[in-house]
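Notes to accompany the following structure.
Read the figures in this text as sums done on the coordinates, not as results from a lab. In this text, all values refer to a predicted model and were calculated from it rather than measured experimentally. Note that we place each Cβ from the backbone using ideal geometry, even for glycine, and neighbour counts take in every protein chain shown.
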Amino acid sequence: MLALVVAGFALWSLHARAWDLGRRSPVLSFDAAQYAVAARELAEHGRLATPFALPIELARHPEPPWPLAVVQPGLVLAEAAIERLVPREIRLGQSRIVDLRTPARREWLTLLLPFACFLLLGVTLAWMTMRLIARAAPAASQPERAIAGLAIGGAFLLDPEAQHFAVGGFTELPYALGVVVAFHLLASGRAARAPLPFGLLLGVTGAFRGSMLWVAPLLCAGAALLPSGTDRSAGGAAPHARRWRVFALAMAGYALPLAPWWIYKWSAFGTPAWDLSRFAIWDGVAGSTWFSLTHLPQSPQVPQGTEAIGLAASKLARNLGPLFSGMALGPRALWIVALAVWLAIGRTRALRVASAAILAHAVVTLLMSALGAAWLRYLFPARVPLEAAGALALWALIGRAPRAVLGPVGQRAVRLAVVVLMLGSGVAQTMRGNREAREAAGARALPAVSTLEILAERLARELPADAPVMSNLGPTLAWYARRPVVHLALTPADIDACRRRFDVRCVLLVFQSSERAWAGWSEIIDGPEQATRRNWNVVRVRRWRSDDGFQIVWLELGPLRPATRG
């Protein structure tokens, strides 16, 4: 366990250096900054709200602070608690004082929970592996159990995607930790013996990712299918009435922590199901993009009825192949096949239920990702338990090989080869991930921390303290500038429509080049003076280049003009 903790620290440090974290790469990316600004608002003002809004949010709530329409509450609550607990300055000795008041230093606090979950997942996976082997294969020696635990925990820590989520304020690692613990409770049979606490765990985990809404019924059904507490072996299915009792208690436990959040959504948006991420299903469908759907101050017109079903099915078919290929890349396919084979021939009911739940969770996650943004990152919480369980299943299948094929010595040799494959593949992935991180750091859409600090200082010097800004830097600028920020309108011609909902006088464009700018804004990056010649109500334009090579254009807008009819 100590070796895994030390390895986790070292791997995290190497990945952070590859990104040049805190200098060239801000700690807060777009997603992480959305949680951070909402957490700061909660810590400082005691309200679930945010100083950042997408233009679409202005249609329902034109004035800041805006209710939380995108983020889930789990990470917001956790970061707000950390924000309140960590002082603004720390005294070391008699004279040295560490100042933690600036946004550039305070943003590091958002890494505490993801980093802790990164280390905990590595250690927890190793511990669970040893416990499951001791229960299912008591003849296995302590060194064999330790090697298996080290391999599975180490393989997770060597995953560059896990390292990436640990160097940013993302929800993937806390969610994955909760899911892994839930699957272990199924595999050990404890989920059925304590269904209410099991459901509470699912509810807390679901506070970090909304996708738990579709997964929780599957896991609760898995708990209901487990044998009773007096029978943990094959067979021994629970009576029908007991199954419904376990399922109901688990679902009640799931709903309990999330009920206040659903009530909040109901009061703020009129329905507990409101979430802007639901529009992601139409990203890439019928010419729509996430930008065109969310960067206008109005609810988008989306397909309905049979047309919607057909378009969604077409998108699903188009995305499933590439996403599944990413999930089954390299040795991952071996783990998936091994788990499926073991599920078909395994004898222990609790382990089979857990295996079926892991595979079902992966399928649901795959389908939801294919219908949504279709990014591989959304598969990560399903990959973690799937790969760990698949490696364990392969370990068990090797032990069940006929003695004529593999004797005790052959089994140990093959298992050692599996360990070498897991760790060797992980080392290769880490090296490739760090190399790609170094390359990507120079091409990020966000400027360096020093540039963000200069922009915040300039805004503070030239604008009133509460004056809002519209910018493509979005929540990251809201964190550094400590003022309301509306994300950039879809095109310059759409600014007026946004201003009729919420009047903004300053538009700040920060792009590396016109080629990297959004469609419709590139011509202003190339020739800012054109903005005053168009009918965009721009009265003054300023342009300069930052030290890290970003083109910055500051547009000052005139008073809002009367609306035109027709």
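From zero up to wherever the largest Cα-Cα distance of segment 449-557 sits, split into 5 Å bins and tell me the percent of pairs in each.
With 5 Å bins starting at 0, P(r) equals 2, 12, 24, 27, 22, 11, 1, 0.
So who's got an amide H within less than 5 Å of the one on Leu21, skipping anything under 5 residues away but keeping other chains? H placed 1.01 Å off N, in plane.
The list, which skips near neighbours in sequence, is empty: none.
Can you give the helix-only mean residue ellipticity at 222 nm for the chain, where every DSSP H stretch with n ≥ 4 adds -39500 (n - 2.57) and the sum goes over all residues, rounded to the nearest 500 deg cm²/dmol?
Details: 23 runs with 333 residues, N = 566.
It lands at -19000 deg cm²/dmol.
Cα-based Rg of segment 345-429 per 2.2 N^0.38 Å, rounded to two decimals?
Output field value: 1.35.
Give the range of the longest stretch in the chain that excludes all GluC sites (Glu not before Pro) found in loop regions by DSSP and having at most 12 other beta-carbon atoms within 10 Å.
By the stated rule (loop sites, at most 12 other Cβ atoms within 10 Å), 1-514.
Taking amide H atoms as placed 1.01 Å from N in the peptide plane, list the residues 5 or more away in sequence, or in a different chain, whose amide H sits under 5 Å from that of Val469.
Residues meeting the criterion, in which the H sits 1.01 Å from N, are Val485, Val486.
Normalized C-alpha radius of gyration of segment 355-504, against 2.2 N^0.38 Å?
Dividing the Cα Rg of segment 355-504 by 2.2 N^0.38 Å gives 1.75.
Of the DSSP beta bridges with both residues in the chain, give the percent that are antiparallel, rounding to the nearest 5.
Bridges in the chain are about 70 percent antiparallel.
Across bins of 10 angstrom width beginning at 0, how are the C-alpha pair distances of segment 287-378 distributed, in whole percent?
14, 33, 28, 16, 8, 1
For segment 423-480, what size does the Cα cloud have along each of its three principal axes, sorted from largest down, in whole Å?
Largest to smallest, the principal-axis extents are 56, 16, 15 Å.
Listing Leu120, Leu2, Leu75 from the residue with the fewest other Cβ atoms within 10 Å to the one with the most, what is the order?
So the residues, fewest neighbours to most, are Leu2, Leu120, Leu75.
Just going by the charge dipole of segment 287-444, with Lys and Arg at +1 and Asp and Glu at -1 on Cβ, which of Gln411, Asn434, Ala388 is farthest out on the positive end?
The residue sitting most towards the positive pole is Gln411.
Starting from the coordinates of the alpha-carbon atoms of segment 90-181, obtain the Kirkwood hydrodynamic radius over all distinct pairs and give the value in Å to one decimal.
This gives a value of 15.3 Å.
For Trp518 and Arg318, what does the FRET efficiency come to when R0 = 25 Å and r is the distance between their Cβ atoms, rounded to the nearest 0.05?
Once the sixth-power term is evaluated, E becomes 0.55.
Give a quick list of trypsin sites (Lys or Arg not before Pro) in segment 458-541 that DSSP marks as loop, anything other than H, G, I, E or B, with at most 15 other Cβ atoms within 10 Å.
For trypsin sites (Lys or Arg not before Pro) across segment 458-541 that sit outside H, G, I, E and B with at most 15 neighbouring Cβ atoms in 10 Å, the list reads Arg516, Arg534.
Based on C-alpha coordinates, I'd like the Rg and Dmax of segment 205-342, in Å.
20.4, 59
Considering amide H positions built from the backbone, and no H for Pro or chain starts, which residues 5 or more places from Trp66, or on another chain, come under 5 Å of its amide H?
Amide H to amide H, under 5 Å and 5 or more residues apart or across chains, Trp66 pairs with Thr50, Phe52.
Counting alpha carbon pairs within less than 8 Å and at least 6 residues apart, what relative contact order, in whole percent, applies to segment 60-178?
Across segment 60-178, relative contact order equals 26 percent.
Output the relative contact order of the chain, whole-number percent, from Cα pairs under 8 angstrom with separation of 6+ residues.
Computed value for the chain: 18 percent relative contact order.
Treating the beta-carbon of each Lys and Arg as +1 and of each Asp and Glu as -1, no other charges, what is the dipole magnitude of segment 449-557 about its Cα centre, to the nearest 20 debye?
Numbers: 15 positive and 14 negative charges, 60 e Å.
Around 300 debye, computed over segment 449-557.
Treat segment 111-441 as a sphere of radius equal to its Kirkwood radius over Cα pairs and apply Stokes-Einstein at 20 °C in a medium of 1.002 mPa s; give the translational diffusion coefficient in µm²/s, rounded to a whole number.
For the chosen part, D equals 101 µm²/s.
Restricting to Cα pairs below 8 Å that are 6+ residues apart, what does the relative contact order work out to for segment 449-557? Please round to a whole percent.
23
Using θ = phi - 60° and the Karplus form 6.51 cos²θ - 1.76 cosθ + 1.60, what ³J(HN,Hα) does each residue of segment 459-475 get, whole Hz, x for Gly and Pro?
With the stated coefficients, segment 459-475 comes to 4, 5, 6, 10, 10, x, 4, 9, 5, x, 9, 9, 7, 6, 6, x, x Hz.
By DSSP, what percent of the beta bridges with both residues in segment 470-566 are antiparallel, rounded to the nearest 5?
Details: 13 of 17 bridges.
The answer is about 75 percent antiparallel.
With the dipole of the chain worked out from charges on the C-beta (+1 for Lys and Arg, -1 for Asp and Glu) around the Cα centre, which of Phe156, Val246, Gly527 lies farthest toward the positive end?
Val246
Based on alpha-carbon centroids, what's the gap between segment 422-477 and segment 352-387 in Å, whole number please?
Comparing the Cα centres of segment 422-477 and segment 352-387, I get a distance of 29 Å.
Provide the per-residue ³J(HN,Hα) series for segment 61-70, in order, calculated from phi with Karplus coefficients 6.51, -1.76, 1.60 and θ = phi - 60°, each as a whole number of Hz, with x at glycine and proline positions.
Couplings: 9, x, 10, x, x, 8, x, 7, 9, 10 Hz.
Percent of Cα-Cα pairs per 20 Å bin, from 0 to the last occupied bin, for the chain, please list those.
Binned Cα distances yield the sequence 19, 50, 26, 5, 0.
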